[in-house]
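Notes follow the structure.
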Amino acid sequence: MDYQNTANAVGDCLLSYTKDESGWKVCKKSNDVIVSWRPSTEFPGNVYKGESVVKGSPEKVWECLKPVPNGLRVKWDNNVKKFELIEQVTENVTVCRTVTPSAAMGIIAPRDFVDVILVKQYEDGTITSNATHVNHPSCPPQSGYVRGFNHPCGCICVPISGEPNKTQLFSFFQTDLGGFLPRSVVDSFFPSSMVEFYSNLAKAIKSLKDH
């Protein structure tokens, strides 16, 4: 499988999501976080967009978000229980397995996801992580976990001109959780968990500052 090409395509896809304003409907607003959705063109579900101005430089925000084993993300993100590197494809492209805990009061069972992830930096200082599901021979589905599928998703940290200690953070989720979940459970889970994601991230960035 051509992981590099797949990863590059996801990078382009996410950038296009930030630029295309059409069709987004706001479904949740809280503490400066806006979560919107629109029907996905990738699978029969929705793509969710979170956006907020986060207190912290892009470097600090990225330190909390970067997709690496033993990184900070596992410590603060309630939806990431375990993060494993399966293959280092190039310096900026990896194949990783993410394990998520049960959620929605146990209605959503633990899941795992295998994704190719591209880390990309742009000339204006924007830092991004871009992921989508792939198959990998050394990581077949495992018992105890429902295998879910991420369609193009990730985080985009954009510097704010004249505000070095603030970052505009876009997050995109469009996930096929697999299994037989009622649509209503999925549709209520994502917006709430994205608001929680921003709130927990803010705390993680603050604790970095204190060190």
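The values are calculated or read from the model by the stated rules, or taken from the named source; none is laboratory data. If you're wondering where the values come from, they're calculated on a predicted model, not measured in any experiment. Cβ placement follows ideal geometry from the backbone for every residue including glycine, while neighbour counts extend to all protein chains displayed. Just so you know, the surface numbers come from the protein's heavy atoms only, side chains and all, with ligands and any DNA or RNA stripped out. Shrake-Rupley method; radii C 1.70, N 1.55, O 1.52, S 1.80 Å.
Going residue by residue through the range 4-20, is there one that turns out to be within 30 Å of GLY162 (Cα to Cα), assigned to a helix (DSSP H, G or I), hydroxyl-bearing (Ser, Thr, Tyr) and open to solvent by less than 40 Å² (accessible area, probe 1.4 Å)?
Yes, the range 4-20 has at least one match.
Look through the range 21-44, keep the residues that are under 20 Å from GLU196 (Cβ atoms) and of a type in the set (Gly, Ala, Ser), and return whichever of them is most open to solvent (accessible area, probe 1.4 Å).
SER30
Please indicate, with yes or no, whether at least one residue in the range 186-199 is over 16 Å from ASN31 (Cα atoms), of a type outside the set (Asp, Glu) and more than 20 Å from the chain's Cα centre (by Cα).
no
GLY56 - would you say it is over 24 Å from LEU201 (Cβ atoms), open to solvent by less than 60 Å² (accessible area, probe 1.4 Å) and among the small types (Gly, Ala, Ser)?
no
Mind listing whichever residues of the range 75-104 are assigned to a loop (DSSP other than H, G, I, E, B) and more than 18 Å from PHE189 (Cα to Cα)?
VAL89, THR90, GLU91, ASN92
Restricting to the range 86-141, count the residues that are in contact with a Ser or Thr (Cβ under 6 Å, 6 or more places away or on another chain), open to solvent by 70 Å² or more (accessible area, probe 1.4 Å) and within 27 Å of PHE180 (Cβ to Cβ).
Total meeting the criteria: 0.
Cβ-Cβ under 6 Å, sequence separation 6+ or interchain: first residue in the range 98-109 and without any contact (Cβ under 8 Å) to a residue 12 or more places away in the chain, partner assigned to a loop (DSSP other than H, G, I, E, B). Which pairs?
Every condition considered, the pairs that remain are SER102/ALA109; SER102/PRO110.
Taking GLY50, is it assigned to a strand (DSSP E or B) and either in contact (Cβ under 8 Å) with a residue 12 or more places away in the chain or surrounded by fewer than 20 Cβ atoms within 10 Å (Cβ to Cβ) (or both)?
On the way: assigned to a strand (DSSP E or B): yes; either in contact (Cβ under 8 Å) with a residue 12 or more places away in the chain or surrounded by fewer than 20 Cβ atoms within 10 Å (Cβ to Cβ) (or both): yes.
Taking the combined requirement at face value, the residue satisfies it.
All but one of (1) among the aliphatic types (A, V, I, L, M); (2) crowded, with 18+ Cβ neighbours inside 10 Å; (3) within 16 Å of THR175 (Cβ to Cβ) hold for ILE156; which doesn't?
Evaluating ILE156 over (1) among the aliphatic types (A, V, I, L, M); (2) crowded, with 18+ Cβ neighbours inside 10 Å; (3) within 16 Å of THR175 (Cβ to Cβ) leaves (3) as the failure.
Identify, from the list VAL93, VAL35, the residue that is on the phi < 0 side of the Ramachandran plot, among the β-branched types (Val, Ile, Thr) and under 14 Å from the mean Cα position of the chain (by Cα).
On the way: VAL93 fails: under 14 Å from the mean Cα position of the chain (by Cα).
Result: VAL35 is the single residue among VAL93, VAL35 that is on the phi < 0 side of the Ramachandran plot, among the β-branched types (Val, Ile, Thr) and under 14 Å from the mean Cα position of the chain (by Cα).
Checking the structure you have, find out if any residue of the range 184-201 is out of contact with any His (no Cβ under 8 Å at 6 or more places or on another chain), closer than 18 Å to THR6 by Cα and surrounded by 13 or more Cβ atoms within 10 Å (Cβ to Cβ).
no
Listed residues PHE149, PHE170; which is in contact with a Lys or Arg (Cβ under 8 Å, 6 or more places away or on another chain), modelled with pLDDT of 95 or more and surrounded by 15 or more Cβ atoms within 10 Å (Cβ to Cβ)?
Of PHE149, PHE170, the one residue that is in contact with a Lys or Arg (Cβ under 8 Å, 6 or more places away or on another chain), modelled with pLDDT of 95 or more and surrounded by 15 or more Cβ atoms within 10 Å (Cβ to Cβ) is PHE170.
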